[in-house]
1. Within the set of pairs 6+ apart or on separate chains, which have a first residue in the stretch 182-194 that is in contact (Cβ under 8 Å) with a residue 24 or more places away in the chain, a second that is among the acidic types (Asp, Glu), and C-beta atoms under 9 Å apart?
2. Across the stretch 79-93, which residue is farthest from HIS133 (Cα to Cα) among those that are outside any loop (DSSP other than H, G, I, E, B) and aliphatic (A, V, I, L, M)?
3. Return the residue satisfying two criteria in turn: it lies in the stretch 25-38 and is within 24 Å of the chain's Cα centre (by Cα) and part of a loop (DSSP other than H, G, I, E, B), and of such residues it is modelled with the lowest pLDDT.
4. Can you pull out the strands (runs of 3 or more DSSP E) entirely within the stretch 94-197 that have at least 2 residues that are over 27 Å from CYS30 (Cα atoms)?
5. Under the condition of being of a type in the set (Gly, Ala, Ser) and surrounded by 10 or more Cβ atoms within 10 Å (Cβ to Cβ), which residue from the stretch 138-152 is nearest to GLN112 (Cα to Cα)?
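The values are calculated or read from the model by the stated rules, or taken from the named source; none is laboratory data. This one's a predicted model, so the numbers in the text were calculated from it and none came from an experiment. All Cβ positions, even for glycine, are placed from backbone atoms using ideal geometry, and neighbour counts span all protein chains on display.
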Amino acid sequence: MGGLFLWKSDMSMPAANMEAADMKASSDNCHAMFRNAPSGLEFNKLRKRLIRQTREALETYSMLVPKPNGLRPKWLIGLSGGKDSYGLIALLLDLKWRGLLDVDLLACNLDQGQPNFPKHILPDWLDQNGIDHRIEYRDTYSIVKEKVPEGATYCALCSRLRRGNLYRVAREEGCDALVLGHHREDILETFFMNLFHGGKLAAMPPPSCSMMKRICWFCARCRFVPKKIWPNLQLE
């Protein structure tokens, strides 16, 4: 089954090597995504903290599984345009730029046909930052409008249709994992929803595999990073 992999030697990188990576970040300034970001102490501290917590999550939950024949894994990153997925792709690209993440990354935005959706913003931003991407159009909005009774929420069906299309794109692109941006508040919310509405003690697992879809997904910031800090991560 496809999985996630980052060389263990990278994840347990000695302090000297991590220091060298930080020096590289300083000398070369940063990944293109961060070129217009604030240069102040607080932002740099926040960025280093998030990088450390992301690496800790990857290692703690063994989210990275080796591929045969030394092939490099490929991950599809679900990019909605919200701060969570922006934060996720920023962290993964930063790790890769520092030489700490030996994977190929492909961003994917699913245009679901919502009225007045600004179709140009994400493609323009991805192009400006040199990020490999695929924009997929599927009119799931019309399906949700047809199936969901008036006055009911669209979220559940919309989410299932979106996830199914992302699984399909991941297979078509030969990706080993579908990577989604969830934070620790998402885990708590899922826990209480299961408790109050399902009568069971269950939360959102950091890595999980669907036997039917045979694509893995993980939450790189899961458990370690609170939602409240994400508005402070201004990329441009």
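1. Sorted first by the residue in the stretch 182-194, then by its partner, the pairs are HIS182/ASP84; HIS183/ASP84; ASP186/ASP84.
2. It comes out as LEU91.
3. ASN29
4. The strands (runs of 3 or more DSSP E) meeting that bar are 104-111, 133-137.
5. Per the criteria, the residue is SER142.
Rundown of residues vs (1) among the acidic types (Asp, Glu); (2) surrounded by fewer than 13 Cβ atoms within 10 Å (Cβ to Cβ); (3) in a helix (DSSP H, G or I); (4) modelled with pLDDT of 80 or more, yes/no style:
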position	(1), (2), (3), (4)
ALA20	no, no, yes, no
GLU42	yes, yes, yes, yes
ARG55	no, no, yes, yes
VAL65	no, no, no, no
